[in-house]
């Protein structure tokens, strides 16, 4: 079972000039991604998502910009570091990193030095959400290919299925992730566990300082043009938010406590975060010695849909984390407009955003994998490709 | 927490009638897109028009006799509001202030290729205000429009974009041959509500100043109390130093949608086996039969006798989409209980993304199957308190989203932004789940094209007097 890990590097940029250089060169590269990129993550079969973002300095004041490089990958950091060198990606990134403090040009030539650089700079993640645990990029790619081959066969009508229950095109492949819900609503019923959890949550929100009150109808969402420009290009969108944390004892304790609990919940829930099934990877990272917090997310579909999903499904979680941050609306994230404004105001556009599967939603991947599993099982005696093509006799001797 | 603000009787005299009713008894409509030159004159004109605006409140009396004999409603673009010298009103929504034609917005709405805003006949930048006129007959509509035209011309107002005229046939069948406008949300506490209240939605989803489905008051434009010179506007309950310009108003989206009927028929003819298959596929695209009966209620053949064609859900009898495909038009624009895995939550979510449709058809029916080159389609008009969360969301996350409902690469087969130009690199499909093997229509062509569009604000009567710079008479 391959674990998914996250890498978070935040490197001070040497000078404002370098920051400008990085901004424009990274942006140019970001636009070319998938065409003729300088840093071609496609070569990496371990990287799910990666991004380069120039973020403001720790104080939030202009100047002192920093380079954020983060990625979600299969395996551990040691293997990943070596992999980046093998694929030539490390060397390609050398130019960017060398504009930052703490990196010596050429480090990427030496696996040990490069690993040490990554390990030394990597900031630990307080809460890491992975939708599809143990699902590697390779498995996602392979499963998508299988599905496409099946679709092609169906389109060409080369495949006639008499046993309808073996391979129903749409309905059967995904019975196992609550795809076919019953009409019966979940019975609310009284559960001591839920009651205690609710009590804890509302107490927590009260301690953090959130109060239910009428929303301010003068709040309007304003979106920076650079954010719009980079959105809705591929199936996923990214979000990078850096906000200052309240410098109080309550916020210090609550933030760490809540993130710790959330991280445990993420682990136990196996990627099922209530009804939210549009997020691939997300992370909360406390940075700058507790001064700021970084939130990153890779989600399917529009920004609007993403935030609405949170407002519909995860209000308590959002409040408990963001409530410890400066500027978060007192009325909490159920005050959707204010919450949206808060996020938009603090979102930083990413110069480079890479997705290994720019055409697959979380739910697409689940369908693909479940289809892959079934086809593999069904086709075992023949070989999968042969089965799809309709060569039911074993052709093993040809291979 | 303050008490819930619900629609009340007293407000009806301040709310423009089009919000409450589509005025089915006035099937002829004209939309006049006007531009002002002289603000002072335009204000004088506005003062003449305001008393003629149809309000939601019906005159005292009972029954049909008291339905309005004609209807006039008025809405303004952002430039229009500014033209009336109200730069001190702030807090209009971002999408309204920016306008419909912004590049990133066009991308989300699917307005590209032949539907790109630069090519439109009706461009928002040429328009200050929209007059919507409705009448029972074509003659009366013409008479009314001519009279209004003569009047506004005297006040230095001109046509900013060609006026549009439409007619809603009694059977409500749109040009592709399907009964339209069956599923409309009802506003809570609205006088136009039938007893059934099946899809009843909080007033704040459609009118500013009331609680919406989130239990929030929608964002509203305001001005400083001292700038409301004639004291027309109510104070903003949240901050009494401000006046609520948005109260009882709402946002209006206009789009001229051309329907390529010949292409629709030709596509079906070329890609189906026989007449029965053709009829079925067309119904699968829409999600309803020509009579309006939904596939969920009558999956095999049309059954015009179904009484309530809106009384159905998906998850209880068609969770797998074998009757009504996931990608079908009506399952996208109103997914009811079928979003995600929790039907109840789905219904709640869907209520955050409803619109009130008030459009009308234009152009003659196509006779025969050959394209006659004539212009025909729908003058799409919808009302919502939050264009971004309602109209734009539907357009982006439901209609044009290739990943909607676990699909891979399908857009709305009827109104989606499908393959339009020969050099479009992306092609989208339409998947019809069926046993033993799904039917997939690859490289769907675009049947509905956008020929015009604008975002408007439809103010309450008090706000109209504020724009006109006069005191509202009691």
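The values are calculated or read from the model by the stated rules, or taken from the named source; none is laboratory data. Given the structure is predicted, the values throughout are model-derived calculations rather than measurements. So basically every Cβ, Gly included, is an ideal-geometry build from the backbone, and we count neighbours across all protein chains shown.
Structural remarks
Rundown of residues vs (1) within 13 Å of chain A (Cβ to nearest Cβ); (2) touching a residue at least 24 places away in the same chain (Cβ under 8 Å); (3) not in a helix (DSSP H, G or I), yes/no style:
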site: B:327; (1), (2), (3): yes, yes, yes
site: B:366; (1), (2), (3): no, yes, yes
site: B:371; (1), (2), (3): no, yes, yes
site: B:394; (1), (2), (3): yes, yes, no
site: B:402; (1), (2), (3): yes, yes, yes
site: B:408; (1), (2), (3): yes, no, yes
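- Hey, residue B:166 surrounded by 14 or more Cβ atoms within 10 Å (Cβ to Cβ), within 17 Å of the chain's Cα centre (by Cα) and not in a strand (DSSP E or B) or not: no
- Those helices (runs of 4 or more DSSP H) lying entirely in region B:88-154 with at least 3 residues closer than 23 Å to residue B:73 by Cα: B:94-98, B:138-153
- In this entry, residue B:310 passes the filter for residues that are touching a residue at least 60 places away in the same chain (Cβ under 8 Å), in a loop (DSSP other than H, G, I, E, B) and over 25 Å from residue B:375 (Cα atoms).
- Positions within region B:431-474 being within 14 Å of chain A (Cβ to nearest Cβ) and assigned to a helix (DSSP H, G or I), in sequence order: none
- Qualifying residue in region A:302-309 (condition: touching a helix residue (DSSP H, G or I) at 6+ places or on another chain (Cβ under 9 Å), in contact (Cβ under 8 Å) with a residue 40 or more places away in the chain and not in a strand (DSSP E or B)): yes
- Residue check, residue B:345 surrounded by fewer than 20 Cβ atoms within 10 Å (Cβ to Cβ), outside any loop (DSSP other than H, G, I, E, B) and within 12 Å of chain A (Cβ to nearest Cβ): yes
- Checked against the criterion of being more than 12 Å from chain B (Cβ to nearest Cβ) and over 29 Å from residue A:33 (Cβ atoms), the candidates A:324, A:298, A:346 yield just one match: A:324.
- In this structure, residue B:340 does not satisfy being facing chain A (nearest Cβ under 8 Å), in contact (Cβ under 8 Å) with a residue 60 or more places away in the chain, in a loop (DSSP other than H, G, I, E, B) and crowded, with 22+ Cβ neighbours inside 10 Å.
- The set of residues in region B:66-110 being more than 21 Å from the chain's Cα centre (by Cα), crowded, with 17+ Cβ neighbours inside 10 Å and over 30 Å from residue B:147 (Cα atoms) consists of B:89, B:91.
- Members of region A:189-219 found to be surrounded by 16 or more Cβ atoms within 10 Å (Cβ to Cβ) and within 10 Å of another protein chain (Cβ to nearest Cβ), listed by number: A:214, A:215, A:216, A:217, A:218, A:219
- From the list A:270, A:222, the lone residue that is more than 14 Å from every other protein chain (Cβ to nearest Cβ), part of a loop (DSSP other than H, G, I, E, B), modelled with pLDDT under 90 and surrounded by fewer than 21 Cβ atoms within 10 Å (Cβ to Cβ) is A:270.
- Subset of region A:225-264 (residues that are away from chain B (no Cβ under 14 Å), surrounded by 14 or more Cβ atoms within 10 Å (Cβ to Cβ) and out of contact with any helix residue (DSSP H, G or I) (no Cβ under 8 Å at 6 or more places or on another chain)): A:238, A:240, A:244, A:246, A:256, A:261, A:263
- Test: residue in region B:223-244 that is within 28 Å of residue B:443 (Cα to Cα), outside any strand (DSSP E or B) and touching a strand residue (DSSP E or B) at 6+ places or on another chain (Cβ under 9 Å): no
- Scanning region B:224-250 for residues that are more than 27 Å from the chain's Cα centre (by Cα) and within 11 Å of another protein chain (Cβ to nearest Cβ) returns B:236, B:237, B:238, B:239, B:242.
- From the list B:377, B:460, the one residue that fits, being out of contact with any helix residue (DSSP H, G or I) (no Cβ under 7 Å at 6 or more places or on another chain), in the same structural domain as residue B:50 (by TED's automatic domain parsing) and buried (at least 20 other Cβ atoms within 10 Å of the Cβ), is B:460.
- Filter pass, residue B:423 being without any contact (Cβ under 8 Å) to a residue 40 or more places away in the chain and within 30 Å of residue B:247 (Cα to Cα): no
- Reported count of residues in region A:338-353, each being part of a helix (DSSP H, G or I), within 20 Å of the chain's Cα centre (by Cα) and closer than 17 Å to residue A:54 by Cα, is 2.
- Criterion violated by residue B:296 - all others in (1) more than 14 Å from chain A (Cβ to nearest Cβ); (2) at pLDDT 95 or above satisfied: (1)
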